[in-house]
Amino acid sequence: MVSRISVLFVALLFALVTGCGSGGGGGSAVTKTGKAIFTLKWATRVASRDVPAAANSVRIEILLSGTKVAEQLTVRPAAGGTSTVTINNITVGNYIARVTAYPQVDGTGTPVGKIDTNCAIKDDPDPVPITTDPNPTVDHIEINPSSVTLYKTQTYAIHVVAKDSSGAIIVIWPAKLSFVSSAPATASVDNTGLVTAVEVGQARITATETESNKSATLDVTVINPPLDHIEISPATASINVGKTYTINVTGKDTLGGVVTLDPAKLQFTSATPAVASVTSAGVVTGVKVGTARITAKETVSNKTAPLDVTVLSNPFQTVSFDTPRSFDVPSATDYVTTADLDGDGNADAVVGGDTGLSVLYGKGSGDLEPYTTALTGRSDNLAVADMNGDGRPDLICDNGNDFLRIVINQGGRQWAAPIDIPVGTTVINAAIGDFNGDGRPDIALVNNQNGNSGKLIIIRNNGNGLYSIANTYTIDTPLDLTVSDINGDGKPDIAVGHYSGSQSGCQIYLGAGNCSFTGGQHYSVGNTAFKPIFADFSGDGKLDLAFSVVFSDEIATLLGIGNGTFTNLQTYSTLQYPSKLYAVDIDRDGRPDLVCSHNGTSSFSVLLSNSVTGLFGIPKTFNSGGGDTRSIAVADFNNDGKPDILAQNQESKRVSIILNTSH
C-alpha cells in the first residue's frame, strides 16, 4: 500500500510516497527499512497564496517523537519545474514529515512556510511518486483529532491540515490561520493555536483559514486532574475522654491542586476503637486514655491517610490534695526524690539527711514502709539514674566533704558500697546527662567554694565504675542546675541558677557533645534563681524555662525559641521563699503545671497552666505536712494515675505524701 501527500508549499507542490527497504534473510529478525519520495513542483506564476518567489530552498525532515532521524535540503531549480527528493533507510514506522521553505538557497533565513504532517514509512519495495496541480485550491480544513479532554492547566497545540478536493494535503501559511474559543473561561486559545485548559467545562475552538474562509472545530472538555493522594490536616489530634473531634480530609490531584472529595465516598476506621472510636462521618470520640490511629480511605481510588489520636483524661474541674500522710526518717533532711528502686511498680521515696541516705519503699497505696538505710553518713543533693546500665536506678549524692558519691542498686533492696569521686569542694547540686554521646550517663554538678564563686564540674562516666573529671568551669555562686537539650541539636545543655554576682539569675550553658560547654544567654529576675527546669509550657514542641526567684517570692517563666534562647518573661507572685520546682500535669488537661516548695513554710504551691500560650494562673497553696518544706518530689504513690507530692519536713524529721484528690 502506498501513502501520499501532495503539498503546495511556497509555490511548490510535493507528493510523499512511502515504500519499503530491503529485508534480511533467515536466522534472525532484521529491522525493515523504507524510503520516502517527495516530488516537488515549483510553481511558475508570480502570485499565489504562498508567495512563490519567496522560496528558494526546501528542507525536508523526518521526525520520530520530536527527534530528527533524517533530513535533506533541496534548492529551487533555476527554471522552476520539478524536483524529486528521496530519503532512504528509514525504519518502517509512523513519523512526522516536516517541510520548511526558506528564502535562501542554503536553507537559512526566516522560514516563509512550514508544515508538519503524519508520514507512514511502509514495507513497499517500489513506491511511486504522485504529483498534482501546482496551484491547488483549499477545499476544506481539518483538525485531527476533532475532540480532546484536558486536565485543568494543561495545554494542547492544535494541528490544522488543509486539503484539496482530492484529499491531498496543502501547505498553508500559518499567519493565515485564526483561532477563537466559544468559552475562553473554560479553554482559551492563542493566535498560534495553543489551547490552555482554564476551568472544568466544555468549549469549542474554531480554526479558520482566512483566504479560503474554510473552518474546522475542536471540541475541548476540561476536567480536574485525577486524585493523587488524600491528606488529614493536622495529622495528629489530642482529645479528652468523652470529647469529639471531626477529621478534615483533603484530596490533592497530580498537579498539587485541591480536589473536593465526596463525603459519601470516604471511609474511616480506628485501629483501637476501645481508645478512640470514629463514625462514618469522620467524628472521633475519645473513649479512654491512650493512643489510636484513625485511617481515612477514599473508596474510589483506595487512597488512605492516617490521623494519630491521643486521648487524655477529662481535666479535673477541682484540684485538691488529701491530708498529708507523714512517715518518720532518722534525721532532719533537706532533700527528697523518688523512683521505683526495687522494681515492683510502686514509687519509692529517697531521703537524704545528716545521718545517711534512707529509702522508704512504696506500698502502692499511698503509704510507705518504714525507712531502711542505703548509706550511712551525710547524704545531700540527691539524683537518681542508672549509672551502670543494668536497668536499676542508682543513687547519686554528696557527703558534705568534697566528695560525690554513687551508690549502685544491686537489686533485692541491696546497695553496694559507695563510689567516691573527689570534687574539691562541697557539692551544691547534681544533674545527669550523656554529655559525650557514648550512651553512658555523665554527671554535672555545681559547688560553692567561698560564698562568692563556685564551679560547674563535668564528670565523665568511663564505664566499669570508673569516673573522671572532664571539665571544670568557674562560675558565680551557683545554687542548682538542670539538664536538657534546649536547642534541638541532640546534645544536652545545662541551666544553672545563681544567687549573686555577675551571673545572678539563670545562666544557659550549651553542650558541644564532648563534655564541654559554652556560655549561652543569661536571664535575670531579682537576685536568686533556684531550681531551673525545662518543659514545653506552650505546646509548640520547644522547651521553655522556669525557675524560682527565692528572695523575690516569684516564679519566672520564659518561652523557648528552639535555638537555646528564651523570650517573653512572665513572673508569678507566690508564697515566701519558693525553692524546688517541678513541671507536671496536675489537672490532666494535657499541659504541664508548676509545683513549688517553700522554705520556712509547711506549704507547697500549684500553678495551673491556663492556656496554650504558656501562661499560668494564680498559685494555689496546699498543706505539706510539716514545717520548713524545702524540697519536694512528684510521683503517683497510690497508682491512681494522678501525680502525688512527696514533701520533706526539715523541722520534724519526717517526710509526707500528699495524695492528689483532684476531680
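In debye to the nearest 20, how big a dipole does region 532-626 give about its Cα centre with +1 on each Lys and Arg Cβ and -1 on each Asp and Glu Cβ?
On the way: 5 positive and 9 negative charges, 26 e Å.
Roughly 120 debye, rounded to the nearest 20.
What is the chain by shape, rounded, prolate or oblate, if you read a ≥ b ≥ c off the alpha carbon gyration tensor as root eigenvalues and call it rounded for a/c under 1.5, prolate for a/b larger than b/c, and oblate otherwise? Before the final figure, lay out each step's value.
Values: a/c = 3.75, a/b = 3.11, b/c = 1.21.
Prolate, because a/c is 1.5 or more and a/b exceeds b/c.
About the Cα centre of region 227-312, what is the dipole size in debye to 20, counting +1 per Lys and Arg Cβ and -1 per Asp and Glu Cβ, all else neutral?
280 debye
Looking at the chain, what % of its DSSP beta bridges pair antiparallel, to the nearest 5? Don't jump to the answer; show the numbers that get you there.
Values: 209 of 219 bridges.
If we restrict to bridges inside the chain, about 95 percent are antiparallel.
Using a ≥ b ≥ c from the Cα gyration tensor of region 416-556 (square roots of the eigenvalues), is it rounded, prolate or oblate, where a/c under 1.5 gives rounded and otherwise the larger of a/b and b/c decides, a/b for prolate?
oblate
Hey, got a sec? Which chymotrypsin sites (Phe, Trp or Tyr not before Pro) in region 129-228 land in a DSSP loop and have at most 14 other Cβ atoms within 10 Å?
Numbers: sites: Tyr151, Tyr156, Phe179; in loops: none.
Loop-located and lightly packed - none at all.
Once you have a ≥ b ≥ c as the square roots of the Cα gyration tensor eigenvalues for region 140-223, tell me rounded if a/c is under 1.5, and otherwise prolate or oblate according to whether a/b is larger than b/c.
Values: a/c = 2.50, a/b = 2.03, b/c = 1.23.
Cα axes put region 140-223 in the prolate bin.
Along region 430-445, what does the Karplus equation 6.51 cos²θ - 1.76 cosθ + 1.60 (θ = phi - 60°) give for ³J(HN,Hα), rounded to whole Hz, x for Gly and Pro?
Karplus values, whole Hz, x for Gly and Pro: 9, 9, 10, x, 8, 7, 10, x, 9, x, 10, x, 9, 10, 10, 9.
Between His522 and Asn610, what is 0.36 nm times their sequence separation minus the Cα-Cα distance? Round to one decimal in nm.
On the way: separation 88, 0.36 × 88 = 31.68 nm, distance 2.70 nm.
Length difference between fully extended and current span is 29.0 nm.
Quick one: Karplus J couplings for region 390-396, per residue in order, coefficients 6.51, -1.76, 1.60, θ = phi - 60°, nearest Hz, x for Gly and Pro?
Working through the residues one at a time gives 9, x, 10, x, 9, 10, 10 Hz.
Please compute the net charge surrounding Phe268, taking Lys and Arg as +1 and Asp and Glu as -1 over other residues with Cβ under 13 Å from its Cβ.
Working: positive: Lys265, Arg293, Lys297; negative: Glu298.
Local net charge: +2.
Using a Cα-Cα cut-off of under 19 Å, which lysines could be cross-linked to Lys620, ignoring same-chain neighbours fewer than 8 residues away?
Within the straight-line limit of under 19 Å, Lys620 reaches these lysines: Lys580, Lys642.
Straight-line reach from Lys114: which lysines have a Cα under 17 Å away, not including same-chain ones fewer than 8 places off?
Lys41, Lys68, Lys163, Lys176
For Ser662, which sequence-distant residues (separation of 5 or more, or a different chain) have an amide H within less than 5 Å of its own amide H, given hydrogens modelled in the peptide plane?
So Ser662 has HN proximity to Ser320.
So if I place +1 on the C-beta of Lys and Arg and -1 on the C-beta of Asp and Glu, and nothing else carries charge, what would the dipole magnitude of the chain be about its Cα centre? I want it in debye, nearest 20. All intermediate terms of the calculation are to be shown ahead of the outcome.
Working: 44 positive and 62 negative charges, 558 e Å.
Charge dipole of the chain: 2680 debye, to the nearest 20.
With r as the distance between the Cβ atoms of Thr299 and Val584 and R0 = 41 Å, compute the FRET efficiency 1/(1 + (r/R0)^6) and round to 0.05.
Values: r = 45 Å, r/R0 = 1.09.
It comes out at approximately 0.35.
Report, by chain and number, residues whose modeled amide H sits under 5 Å from the one on Gly356, excluding near sequence neighbours (fewer than 5 apart, same chain).
Amide H to amide H, under 5 Å and 5 or more residues apart or across chains, Gly356 pairs with Gly377, Ser379.
Please state the relative contact order of region 227-312 as a whole percent: Cα pairs under 8 Å, 6+ residues apart? Please report the intermediate quantities before stating the final value.
Working: 215 pairs, mean separation 30.5, N = 86.
Worked out over region 227-312, it gives 35 percent.
Report, by chain and number, residues whose modeled amide H sits under 5 Å from the one on Ser313, excluding near sequence neighbours (fewer than 5 apart, same chain).
When sequence neighbours closer than 5 places are left aside, the close amide H contacts are Val241.
Throughout, read-outs are computed from the coordinates displayed, never taken from laboratory work. No experiment lies behind these values; they were computed from the predicted model shown. No Cβ is skipped: glycine too gets one built from the backbone with ideal geometry, and neighbour counts run over all protein chains shown.
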